[in-house]
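Reviewing the structure listed below.
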Amino acid sequence: SEQSLVSARASVMVYDDSHKRWLPSGTSQGISKVHIYQHVINNTFRVVGRKLQDHEVSINCAILRGLKYNQATPTFHQWRDNRQVVFGLNFSSKEEADSFAQTMMVVLDTL
Ligand SMILES: CC(=O)N[C@@H](Cc1ccccc1Cl)C(=O)N1CCC[C@]12C=C[C@@H]1CC[C@@H](C(=O)N3CCC[C@@H]4C=C[C@H]5CC[C@@H](C(=O)O)N5C(=O)[C@H]43)N1C2=O
């Protein structure tokens, strides 16, 4: 019932506001395969990432109207979820960052 619109390799990070530093998301560092999934029945979207090594879920974040997607650098993009958690994606390549961002912008336009 969910289809992947785009996938990209990225290191998923979460910003620790209290210590002003980025932490790897999940129990270990490592590259994830990060998708934007569309739930076709209720037309909702989310970002889901799983570590390449052990398939641990590194991100599972709804894409909601009004999300501000910041392309801080060509390979590091970031946004706040609706609980104000800041996620960062450190992409493995500029090409993957571009295709992910392009799909994200299209999704945000349809919300
Ligand atoms: C208005 C607003 O909300 N602004 C938010 C951003 C935002 C804007 C608009 C909409 C949504 C959002 Cl979320 C904001 O500024 N935020 C969100 C939390 C963190 C941060 C605050 C302070 C620090 C200062 C430096 C900067 C930073 O984090 N980086 C610089 C650019 C890439 C650089 C790349 C990689 C990561 C990998 C580890 C660390 C490193 O390279 O070692 N690092 C970096 O250093 C990265 N910060 C931020 O991005």
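The values are calculated or read from the model by the stated rules, or taken from the named source; none is laboratory data. Just so it is clear, the structure is predicted and the values come from calculations on it, not from any experiment. All Cβ positions, glycine included, derive from the backbone under ideal geometry; neighbour counts span all protein chains shown.
Count of the stretch 1-42 residues, restricted to those that are of a type in the set (Ser, Thr, Tyr), exposed (fewer than 10 other Cβ atoms within 10 Å of the Cβ) and closer than 17 Å to residue 80 by Cα, is 1. Within the set of pairs 6 or more residues apart or between chains, which connect a residue that is in a strand (DSSP E or B) inside the stretch 29-40 to a residue that is surrounded by fewer than 20 Cβ atoms within 10 Å (Cβ to Cβ) and at pLDDT below 95 with Cβ atoms less than 7 Å apart? Going by the 7 Å Cβ cut-off, the qualifying pairs are 39/1.
Just one of the listed residues (91, 76, 45, 87) is farther than 12 Å from residue 10 by Cβ and either crowded, with 17+ Cβ neighbours inside 10 Å or modelled with pLDDT of 95 or more (or both), namely 45. Restricting the first member to the stretch 3-18 and to residues that are assigned to a strand (DSSP E or B), and the second to residues that are acidic (Asp, Glu) and away from the ligand (no atom under 16 Å from the Cβ), the beta-carbon pairs closer than 9 Å and six or more apart or on different chains are 8/95. With respect to (1) surrounded by fewer than 18 Cβ atoms within 10 Å (Cβ to Cβ); (2) among the hydrophobic types (A, V, I, L, M, F, W, C); (3) in a loop (DSSP other than H, G, I, E, B), the lone exception for residue 108 is condition (3).
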